[in-house]
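The values are calculated or read from the model by the stated rules, or taken from the named source; none is laboratory data. On a predicted model such as this, the values are computed, not experimentally measured, just so you know. Glycine gets a Cβ as well: all are built from the backbone with ideal geometry, and neighbour counts include every protein chain shown. Heads up: the accessible areas ignore ligands, DNA and RNA and are worked out on the full protein's heavy atoms, side chains in. Shrake-Rupley method; radii C 1.70, N 1.55, O 1.52, S 1.80 Å.
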Amino acid sequence: MEDREIKIALTGNPNVGKTTLFNALTGSRQHVGNWPGVTVEKKSGRVAYKGYNIEVIDLPGTYSLTAYSMDEIVARDFIIEEKPDIVIQVVDASNLERNLYLTTQLMELGSEILIVLNMCDIAEDRGDRLYIDKMQELLATPVIRTVATQKKGLCDLLDKVIEQKELKQHHGHEIGYGNEIEEKILDIEKVLIEDEKRDKRYPLRWVSIRLLEGDDNVKGKIVNSPVYGRVMAIIDSIDQEEYEAEIADKRYLAINTIFPQMCTRANDTLTKSDMIDRVLTNKYLGIPIFLALMWGAFELTFAFATPFMDMIDLAATWASEYVSSSIHPDWLASLVGDGIIGGVGAVLVFVPNIFILFFLLSLLEGSGYLARAAFIMDKLMYKIGMHGKSFIPMLMGFGCNVPAIMAARSIEDEKDRLITILIVPFISCGARLPIYVLFAGTFFGRQAGTVIFAMYILGIAIAIVSAKILRETIVKGKPAPFIMELPPYRVPTLKTSLIHMWDNGFMYIKKAGTIILAGVVVIWVLASFPWGVEYGSEASYVGSIGHAVEPLMKPLGFDWKISVALIFGLVAKEIVVASIGVLYGTGDSSEALSERLLADSGVTALSSLSLMAFSLLYMPCVATVGVIKKETGSWKWTIFAIVYGIVVAWIIAFLIYQGGRLLGY
Amino acid sequence: MDIKRENGNDVQDTSTPMVFSTVTGSLYVLLGLLQLSAGAIRILIGPDVQVPLTNLLFIPADIIGAFVLLLIGTVFIYGVIEMHSGIFEGISYAYVGILISLIFAAIYMLVSTGNMLEAYLLKNEDFIGWTPASDLRPGIYLAILPLFAFIKWKNMFEPINESRL
Amino acid sequence: MLDIQDTTLDTLKPGEKASITKVRVKGSARRKLFDMGMVAGAEIELIRNAPLGDPMEYRIKGYHLSIRKEEARQIFIQKL
């Protein structure tokens, strides 16, 4: 029964409760993926209602449908090309004017619109009055007010969707842009219509208006058309910036003429949100409060996660031992036990961090504080060529680079996001600390604390310098302009945060997991073959590689043993210490290892300093590489991150070791 | 207790939040300073020297925690100063101070729950001898005052919901 | 000297209101500003600066918008 299928798209400005509506509609029947070719998240779900099978697609939250961001292009292309039966726009009743701006654009796309008026209670609490009947009449679209009782609001909405689908009558809405612009629109339309092979899904009027506004994405869509030259001639004849301003003016003017009839605005009063903002962005208290809250988030992400990580670790160890003793032949036992289960353990051990991190990020975002964090830190970040939104991912990096890189998702601008992802691996994560503790403790005695602190500073410095270099060379350009809504503070809904946590945590396991697993198996093969040698010993392939790269590592002060340990460190950096323990034959005892290291003339205070710097900066661990691949969606940038890290690490270690030798250490 | 002196719903009257903020703010600042000195002495001199009262008041030698206590105290006091000079909006600081102190108490208790799992479930050797009292700290027990205020002025803290759907 | 047309948005003090006369920002920021309601005739009020002095928090069209001084300097206003 073909007719019983309905496809609806959800649109709306960010922070209007669109995701909450989507979750309420689809419950757990959701599918999260990416839009083809871009890293914008695509969410879809299904509802069965009164014999209809309704597909709901959650479009990215946007303020407009110009080509400012990938989100906007994705949203409008979907509406035009996939032609959903109904486009539901979720509108924040307490912020009608700006929300209706998107409505005017949806109307131009010729879509069947249904408006869901959310947060009416907030508007009415502060004394606004909303006239919904008038609104329906003026906008010529159905307007549904969401009501307090959960079920009823949803049923009203779905009833209306079905009603509108069955009516099949199209409301025409148009905004007039004044004689001069209208003439040009008509001129372009006349030329465009001559092209018989044009994509007929795109409304002519819409294409014309977008071209007058200088939309490069739309320009790209007609570039192969035979009439392209004539269209461009018209566009070149106008003052395009003026037109752009004029068109936006006219849209807001259209809203302003109808707005006073739909809503009367109360005088501004001190809202709870204003009260909170007054303190949290206070000139003196704002930054300390921000730092304290970040520290709290950090504690929860890492300290609260520890017992859960330990449990996973214990389970993996137990499984690995169980497999080793019960599977034959030996090589298979070793592959499954040391390789695969060890590898899966390495993936799963981060899961508690990632789940908690995404839960907290969702809370921060839903409460409106994430926008303030960017607002507070932007000046500092701008000075180093980055955007305010890059701060939180970088800070998270001190705990673990994996969730830090995933947190970079909140940055909309592709370039800003890429730079953040590329420099986060230089931030010294928790896993690198054991390396510092061993070597600084062994060779620097009472100065150990200072040396370790210096490593953290080195990481930050390299990250900042790298950001600057990247800005000057391959990721050219200034940070994106900071034009951001500071949404009112709200209590985030638990359901939304939990769903957000689950979706992202699960994506990590699925996608990054496969790459990590592959990496771990490769290392296992290198350490175990030729078959029969002791795992990771001099005779194994990894031992041979250690010897092979020794000439390269010699100028840094490393022998083959350290080189092998560093190769193992690719799985997870804390393994470096354990591997050195194995290679020096001291096992887990760190005191014995310290003594052995002091006795070994091959390792000196200077080479240990060089080693610490190298471990900090060289190729990120497999898990980090996995998420870099996943988040950038590109092998090119993943390989760049690896190579760049190794090169920087080599240079810095070289400078430390050779510089130190020149100075006579 | 000062909070009980609240009478009437005159919004322009800030005397009750002022008294509450003064008392709570001073306590946070005081214990923050004690904790700061305990932490500083631990780093500068070593674990042998004890700041008086630290055992009695469950004050850990934790400088970051001290910073948090001082910060919460300062937020309350800042509000008192504004309210005292007749700015009604100063009440915002009492409001946010209550929220932040409760948030941090929650964070401390969650971390403590994690420790409890380590000690009792995983029997981690780093946590031998751990009892729930080991994690008791001013950041937790001082939050009883703001919690009291939170309940007392509940209507003021009614959530601004993300959606009424 | 003090031509009204030369007053820019970054000169607004906290609590002051103005009406936008012209947006001279170029590039993609220009369209974004329009989308966010920064059109000629719109009323705008500075709420506060960020703790480090930049960016600024404005109230426009009934919501809070934050932009950097760099962009504010290219937006012309008439103080109310």
Just give me the residues in the stretch A:525-543 being open to solvent by 10 Å² or more (accessible area, probe 1.4 Å) and either touching a strand residue (DSSP E or B) at 6+ places or on another chain (Cβ under 6 Å) or in a helix (DSSP H, G or I) (or both), in sequence order. A:525, A:526, A:541
Please determine, by comparing only the residues of the stretch A:63-75 that are free of Cβ contacts under 8 Å to residues at least 60 places away in the same chain and touching a Ser or Thr at 6+ places or on another chain (Cβ under 7 Å), which one is nearest to the other protein chains (Cβ to nearest Cβ). A:68
All helices (runs of 4 or more DSSP H) inside the stretch A:394-513 with 3 or more residues being aromatic (Phe, Trp, Tyr), crowded, with 21+ Cβ neighbours inside 10 Å and touching a helix residue (DSSP H, G or I) at 6+ places or on another chain (Cβ under 8 Å): A:433-444
Would you be able to say whether some residue in the stretch A:48-55 is touching a residue at least 40 places away in the same chain (Cβ under 8 Å) and under 30 Å from residue C:29 (Cβ atoms)? no
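So that you can scan it fast, the table gives a plain yes or no per residue for (1) closer than 17 Å to residue A:486 by Cα; (2) touching a strand residue (DSSP E or B) at 6+ places or on another chain (Cβ under 6 Å):
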{"site": "C:7", "(1), (2)": "no, yes"}
{"site": "C:10", "(1), (2)": "no, no"}
{"site": "C:20", "(1), (2)": "no, yes"}
{"site": "C:25", "(1), (2)": "no, no"}
{"site": "C:60", "(1), (2)": "yes, yes"}
{"site": "C:69", "(1), (2)": "yes, no"}
{"site": "C:74", "(1), (2)": "no, no"}
{"site": "C:78", "(1), (2)": "no, yes"}
The residue that is least open to solvent (accessible area, probe 1.4 Å), considering only those in the stretch C:34-70 that are basic (Lys, Arg) and at the interface with chain A (Cβ under 9 Å from one of its Cβ atoms), is C:68
Of all residues in the stretch A:286-313 being within 7 Å of chain B (Cβ to nearest Cβ) and open to solvent by less than 10 Å² (accessible area, probe 1.4 Å), the one that is nearest to residue B:80 (Cα to Cα): A:289
Unique match (being open to solvent by less than 50 Å² (accessible area, probe 1.4 Å) and either at the interface with chain A (Cβ under 7 Å from one of its Cβ atoms) or in contact (Cβ under 8 Å) with a residue 12 or more places away in the chain (or both)) among C:73, C:31: C:31
Of the residues A:622, A:603, A:577, A:647, which single one is within 23 Å of residue A:427 (Cβ to Cβ), more than 27 Å from the chain's Cα centre (by Cα) and either hydrophobic (A, V, I, L, M, F, W, C) or buried (at least 16 other Cβ atoms within 10 Å of the Cβ) (or both)? A:577
When residue A:249 is evaluated against the numbered criteria (1) of a type in the set (Asp, Glu); (2) over 18 Å from residue A:66 (Cβ atoms); (3) in contact with a Gly (Cβ under 8 Å, 6 or more places away or on another chain), which criterion, by number, is the only one it fails? (2)
The one condition in (1) farther than 28 Å from residue A:417 by Cα; (2) assigned to a helix (DSSP H, G or I); (3) open to solvent by 10 Å² or more (accessible area, probe 1.4 Å) that residue A:144 fails to fulfil: (2)
Kindly indicate whether residue A:410 is closer than 22 Å to residue A:70 by Cβ, among the polar types (S, T, N, Q) and at pLDDT 85 or above. no
Name the residue that is nearest to residue A:156 (Cα to Cα), counting only residues in the stretch A:76-124 that are among the small types (Gly, Ala, Ser) and within 13 Å of chain C (Cβ to nearest Cβ). A:93
In the stretch A:222-258, what residues are within 11 Å of chain C (Cβ to nearest Cβ), open to solvent by 20 Å² or more (accessible area, probe 1.4 Å) and under 30 Å from residue A:133 (Cβ atoms)? A:249, A:250, A:253, A:256
Checking residue A:194 against (1) under 30 Å from residue A:115 (Cα atoms); (2) over 38 Å from the mean Cα position of the chain (by Cα), which single condition isn't satisfied? (1)
Does residue A:48 qualify as being of a type in the set (A, V, I, L, M) and either surrounded by fewer than 18 Cβ atoms within 10 Å (Cβ to Cβ) or under 20 Å from the mean Cα position of the chain (by Cα) (or both)? yes
Looking at B:98, B:107, B:81, B:103, can you tell me which residue is within 14 Å of chain A (Cβ to nearest Cβ), open to solvent by 70 Å² or more (accessible area, probe 1.4 Å), assigned to a helix (DSSP H, G or I) and closer than 26 Å to residue A:363 by Cβ? B:103
Out of B:139, B:90, I need the residue that is more than 13 Å from the chain's Cα centre (by Cα) and either outside any helix (DSSP H, G or I) or crowded, with 16+ Cβ neighbours inside 10 Å (or both). Which one? B:90
